[in-house]
Structures are given as structure tokens and as C-alpha cells.
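Undergrad: Before I ask anything, here is the structure I am working with.
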């Protein structure tokens, strides 16, 4: 879903979090196919973080973490994305969060 921010609405950092369920024996290949996607995404304007990572406790789970400086930056990323991967997950759940504030824990 692409969301357009009205001119009178303040921009916020956007965090995208997701999980993918994959066959455990295919997880390393699934992650390897996404390395170029990570490199490309990290070089896009407005990308603060973009990572796929293996869950260290669940062999069939991959975590997605993205951080974008604005909804507009995420929208541009989503419009340009054209993954060329052959391994698809059994399931996926991805959620975007609007961040209204932040603070350091330490």
C-alpha cells in the first residue's frame, strides 16, 4: 500500500518490520538472494537501514528490518522494487510503523 502524505501532515521516520517463513534447508539461499536487494536499497535516498537476517532461534524464520527517513522515501523504494529472486517464502508478514519520536536507551 502506498500512502501519500498531505502537505499539512508532518513527515515521520518509517520502520518496516517483517518475518518470512522459509524451508530451513533453503534459508541460507533465501538470504543470499537478497544480498543485492539489501545493497541496492541501502543506497537509495532516504534509506536509514535495510536488513534481512536469519532468526538465531528458529531455523525457518527470516527477519526484515527497514528504517526510512520518510514515507515518501519508502514510497519511492516500493515503486522501484523489482526483486529477481527464485526462492519464495512459505509465508510473509510485513508491517510499517510511523515513528513519532525516538530516544536513546543508553
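Any read-out appearing in this document is the output of simple, stated calculations on the displayed coordinates, not a laboratory observation. No experiment lies behind these values; they were computed from the predicted model shown. Cβ placement follows ideal geometry from the backbone for every residue including glycine, while neighbour counts extend to all protein chains displayed.
Undergrad: So what is the 222 nm mean residue ellipticity for the chain from helices alone, if each DSSP H run of at least 4 adds -39500 (n - 2.57) and you divide by all residues, rounding to the nearest 500 deg cm²/dmol?
TA: Mean residue ellipticity, 222 nm, calculated: -6500 deg cm²/dmol.
Undergrad: A follow-up question, please. Please arrange 74, 57 by how many other C-beta atoms lie within 10 Å of their C-beta, fewest to most.
TA: Going from least to most buried by this count: 57, 74.
Undergrad: Starting from the Cα gyration tensor of the chain, take the square roots of the eigenvalues, sort them a ≥ b ≥ c, and report rounded, prolate or oblate (rounded when a/c is under 1.5, otherwise prolate if a/b is larger than b/c, else oblate).
TA: Prolate shape, in that a/c is at least 1.5 and a/b is the bigger ratio.
Undergrad: Calculate how steeply helix 71-80 sits against the longest principal axis of the alpha-carbon atoms of the chain, using the helix alpha-carbon long axis, and give the answer as 0 to 90 degrees to the nearest 10.
TA: Roughly 40 degrees between the two axes.
Undergrad: OK, next. Who wins for biggest fluctuation among 42, 90, 34 in a Gaussian network model of the chain, springs between alpha carbons below 10 Å?
TA: Maximum among the listed residues: 90.
Undergrad: When the chain is fully extended, how far beyond the present Cα-Cα distance does residue 49 get from residue 29, taking 0.36 nm per residue of separation? Don't jump to the answer; show the numbers that get you there.
TA: Working: separation 20, 0.36 × 20 = 7.20 nm, distance 2.16 nm.
Gain on extension, residue 49 to residue 29, equals 5.0 nm.
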